[in-house]
1. Using the Cα gyration tensor of region 1-111, with a ≥ b ≥ c the square roots of its eigenvalues, what is the shape: rounded (a/c below 1.5), prolate (a/b larger than b/c) or oblate (neither)?
2. Given the DSSP H assignment, sum -39500 (n - 2.57) over each helix run of at least 4 residues in the chain and divide by its residue total; what's the result at 222 nm in deg cm²/dmol, nearest 500?
3. In the chain, what % of DSSP beta bridges are antiparallel (nearest 5)?
4. Could I have the simple spin-label model distance between Ala207 and Thr119, label points 7 Å from Cα toward Cβ, reported in nm to one decimal?
5. Starting from the 7 Å offset along Cα-to-Cβ, what nm value, one decimal, do you get for the label separation of Asn154 and Ile45?
6. Given H placed 1.01 Å from N in the peptide plane, which residues other than close sequence neighbours of Gly190 have an amide H under 5 Å from its amide H?
7. Take the alpha carbon gyration tensor of region 4-214, find the square roots of its eigenvalues, order them as a ≥ b ≥ c, and report rounded if a/c is under 1.5; if not, report prolate when a/b exceeds b/c, else oblate.
8. How many angstrom lie between the C-alpha centres of region 43-69 and region 166-217?
Amino acid sequence: MSHLVAPSLLAADFANLASEVEMVNESEADWLHLDIMDGLFVPNISFGFPVMEAVRDLSVKPLDVHLMIMEPDRYIERFREAGASTLTVHWETCKHLHRTVTEIRRLGMKAGVTLNPHTPVMMLKDILPYIDMVLLMTVNPGYGGQTFIPGSINKIGELRSMIDEEGYDVLIEVDGGVDLQNAPVLIHAGVDVLVAGNTVFSSSDPAEVIRRLKEPV
C-alpha cells in the first residue's frame, strides 16, 4: 500500500474554511485530519461539534479525528454522528483502553491510539490486535508549527517491527513537524500516514505540497 496524506485542518484559514476544505477535496489528499483539543489534556482549545459537522458536510475525504481530550469515552458516539471515519484516542487518557477502542469499532469507525512523545511504544503491545492505527506524536501535542523531535525516527522503527513481527494490520500515522524534507525519511522508517498542517496550509500552493507529499519514495 502506498502511504496516505492527511492535511491537518488546525493549520487552515478558518475565515475561509469552505474554500480550504474544497482545496483538500480537489487535491491528492487521502484523509482530512481534525485535532480536537479541550484545554485540559493539552494547553489549547481547537474546535467542537458545530465546526466538525460543517466540515463533514463540506468534505469528500474521510475525517481522521484525533481526540486530545480527557474522558473521550463520553463523546465516542457523538463523534461518529459528527462524521468521524477514524477516531483516535490517547493512551494517556484512557483508563480502560480496550473498552474504548472496542466501542469505537462497534460504532463503525476505525479505532486509533495515540502516544505522546515520551510514551514508549511497548505500552501498545497488548492493544495492537484490537486497533486499526497508531498515531505517534512527533511533537508535544497542543500546538501546530512545532519542530519535529528527531528521536521519533527510532520510535517509528520500533513500532514497525512490533506490528510486522506479529502480522497485525495496523497503520502507523505521524503528526508533528512533517515537511517535504523529512517525509521520505518517515516513509522509509515505516510510516503509513503523514499528517501535515503548516507545511500544507502555509504554502502558496497547498495542493502542490500535498502532491509532493504523496510522491513515492
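Rule-based calculations on the coordinates, nothing more; no lab input. Here the structure is a predicted model, which is why all the values come from computation and not from measurement. For neighbour counting, all protein chains shown are included, and Cβ atoms are generated from backbone atoms with ideal geometry for every residue, glycine included.
1. Here region 1-111 falls in the prolate category.
2. Rounded to the nearest 500, it is -9000 deg cm²/dmol.
3. Of those bridges, close to 5 percent are antiparallel.
4. 3.7
5. So the label points at Asn154 and Ile45 sit 3.9 nm apart.
6. For Gly190, whose amide H was placed from the backbone, there are no distant partners under 5 Å.
7. Judged from the Cα gyration tensor, region 4-214 comes out oblate (a/c at least 1.5, b/c at or above a/b).
8. Each part reduced to its Cα centre gives a spacing of 20 Å.
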